[in-house]
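J.: Next up is a structure, given as structure tokens.
The values are calculated or read from the model by the stated rules, or taken from the named source; none is laboratory data. Keep in mind it's a predicted model, so treat the numbers as computed, not measured. Cβ placement follows ideal geometry from the backbone for every residue including glycine, while neighbour counts extend to all protein chains displayed.
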Amino acid sequence: MRTMMISLAASVALLSGCDQAEPPAAAATFSKTTLTEPVRDRAAEVITPFKQKLMATLGAALKESPAHAIDVCQLEAPMIAAALNQDGLRIGRSSHRVRNPGNAPSPWQEAAISHYLNNPDDRAPQVYHLDNEHVGYAEPIIAMPMCLTCHGSELSPEVQAALAEKYPQD
């Protein structure tokens, strides 16, 4: 099964903690750290509903058509994440192959993505110390069969055309 990274609060997850909603703009240094229960619990508060809402929304859109699901993924997925953002917490998605440049990984997300790509059996959350007020929390996004309609290696002509229209650089 193919593994994709979502950064929530940056894959399935990016979490930024404390009182600020945004991590430092240019976090030049970061280090991997230990997952603590409070970080895990806080991440689960937003990641679980994000995954559930995203899967339900994309599943319903896919029933209409793959082209509609691509629209939903592009336009509604960021709104689903934004609706679940909280004080000191930001959710997002990223990957080693982003279609939307707005989902490009930050340096710490790149480290998490690299970890998952090099260790495909490791699905444990990765936590990074970003600065004194922020941590990054990442989980891999596991591509489900429905995801492979648009993210698989064999795409239908309809999907190829829709992707070419929405993401010409893909």
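J.: Show me the helices (runs of 4 or more DSSP H) found entirely inside segment 92-170 where at least 1 residues are under 13 Å from the mean Cα position of the chain (by Cα), crowded, with 19+ Cβ neighbours inside 10 Å and modelled with pLDDT of 90 or more.
T.: It comes to 107-118.
J.: Can you pull out the residues in segment 85-135 that are among the hydroxyl-bearing types (Ser, Thr, Tyr) and within 26 Å of Gly152 (Cα to Cα)?
T.: Ser94, Ser95, Ser106, Ser114, Tyr116
J.: Follow-up question, since we're still on this one. If I ask for residues that are over 19 Å from the mean Cα position of the chain (by Cα) and either at pLDDT below 95 or within 18 Å of Ala164 (Cβ to Cβ) (or both), which ones from segment 59-71 would you list?
T.: Answer for segment 59-71, where residues must be over 19 Å from the mean Cα position of the chain (by Cα) and either at pLDDT below 95 or within 18 Å of Ala164 (Cβ to Cβ) (or both): Ser65, Pro66, Ala67, His68.
J.: For segment 56-70, which residues satisfy the criterion of being exposed (fewer than 15 other Cβ atoms within 10 Å of the Cβ) and part of a helix (DSSP H, G or I)?
T.: Once the filter is applied, which keeps residues that are exposed (fewer than 15 other Cβ atoms within 10 Å of the Cβ) and part of a helix (DSSP H, G or I), segment 56-70 yields Ala56, Gly59, Ala60, Lys63, Glu64.
J.: Shifting gears a bit: Is it the case, given these coordinates, that Gln74 is among the polar types (S, T, N, Q), assigned to a helix (DSSP H, G or I) and under 21 Å from Gln160 (Cα atoms)?
T.: yes
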